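None of the figures in this text is laboratory data; all of them are computed from the coordinates on show. Owing to the predicted nature of the structure, the values given are computational and were not obtained by experimental measurement. Using ideal geometry, Cβ is built from the backbone for each residue, glycine included, and neighbour counts are taken over all protein chains shown.
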Amino acid sequence: MSDLETDVDSAISSSDDEEMLILGNVRTKNSNYFEETIQNYDDATFFEHFRVSRTALEDIVQKYETSQFYNTQSGQHGKITSAEQILITLWYMGHETASFHDVADGFDITISSLYRILRRVIFCLSNLSQEIIKWPTDEEKPVCEEHFRAKGFPRVIGAIDGSHIRIDKPVDDSDSYIKRKSYHSIQMQAICDHEKKIIDLFVGYPGSVHDSRVFRNSSFYRTMAEKCGDYFILADSGYPLTTHVLTPFRDRGQLTNRQINYNVKLCRNRYTIEHCFGILKQKFRQLYHIKIRDIRFIVHTIRAACVLHNIALQDGIDLQEDIAPLVPLNQVNQHGDDNGAYDEDDINAQDIRRMIVEMLPM
C-alpha cells in the first residue's frame, strides 16, 4: 500500500507536461452532461455506458471518498464531485476508442483535470485489489468445488491462465515487451472461480516472457500449497504440472481412453478463465489496447479493471457474450508445448494426476 501511496502524487505530476503536449488543445465541451443526460438514463442504459449498476457506483464512490487518493477536483465550472470523478473514469475504462479529448469533451472538463482524475481514481481502484481480489475462504472453497464437480471435475476450485494486454511502445526496454515479434504487450496472470470472479492476480511481466516463467515468479506459485490445501487449480499445457496445478497430457499418439477423458474434462472446466477474460475485456475495453507508455500506470490500470470486474459481477448483469464452442477433441489431445515445461513436471504431481485420471467418471 505504501508503494501506491507514494506513487500517486509523483505519477500525477511527473509526466503531466509531456502528456499535455501529446494530447493537444482542449476542444468544445458538452455542457450539462452530468446534470441532464446521465440523470435521465434508465438502469440498462446506465449500465451500458458505465459497466456497473448505480448501486455499485455508490459503493465505489464511498470507497473513493474514504481513501487517501480522493481530492476535491476543481474544473472550469467549479468542483467535480467524487461521483463525477468515478463516472469519468468508468467511461474511459469502458470504451476502447475513448481518447482523452473525447472523454474531456463529453464531461465538459479540461484535459489536465481529466488526467489527474484518472490517475487518482485508478490508483484508488488498484489499491482496492487487496479487498476485492481475494482467495476463497475455507468456507467458500467447498462451494467452488461443488460447481466444478457438477461439471465433471471434482476437487477443483479455480482455473489459471495468462492474457496479453496490448500497449504502446514503452519508453524503456521496449524490445522485451514485444510478444513473438508482433506487438508490444504486458502480461496478466489470473485465477478465477466458478463464477468468473478473479481470486488471484499477477500483473507486470513483459510480453516476451513465457507463461511458465511468469507463473514461477508469481506469489501464487510460492503460496499455492497453503492456498489450495486439498484442492486443485486447472491450467493449460503452457503451465508446469504441480501438486496443486493440473495440466493436460501431451498427446504422442498413446493416450488411454481415461487420459483422453481427463483432457476433455479439464479443457471444459478450464474454459471458465477464458470466459472471465472475455467478460473483463468486453466490459473494460481499454484492456484491448492501453495507449499509455508509463508501465507502472499500465499495471495499475489493469489491476483497477480487474477490481471493477469483480465489483460488476455482483450486479448479476451479464453482457451475454457469445461463448466459443468447446475445443475439438483432436485439438485437446494434441495441444502441447515444446518449451521444456513438461521436463520439469513434479514427479509427485504426476502420481496425483494419475490418481485423478482414475477417479474421473467416464
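Each of ASP251, ASP172 was scored by other Cβ atoms within 10 Å of its Cβ. Arranged with the fewest first, they read ASP172, ASP251.
Of interest is the spacing of the C-alpha centroids, which for segment 249-277 and segment 86-165 amounts to 28 Å.
With 31 Å as the limit on Cα-Cα distance, the pairs of LYS79/LYS196; LYS79/LYS291; LYS151/LYS227; LYS141/LYS169; LYS141/LYS179; LYS63/LYS227 that go past it are LYS79/LYS196; LYS141/LYS169; LYS141/LYS179. With the simple model of a label 7 Å out from the Cα in the direction of the Cβ, ALA44 to LYS169 spans 4.6 nm. Kindly identify segment 125-277 as rounded, prolate or oblate by the Cα gyration tensor criterion: order the square roots of the eigenvalues as a ≥ b ≥ c, call it rounded if a/c is under 1.5, otherwise compare a/b with b/c, prolate if a/b is larger, else oblate. In terms of gyration-tensor shape, oblate.
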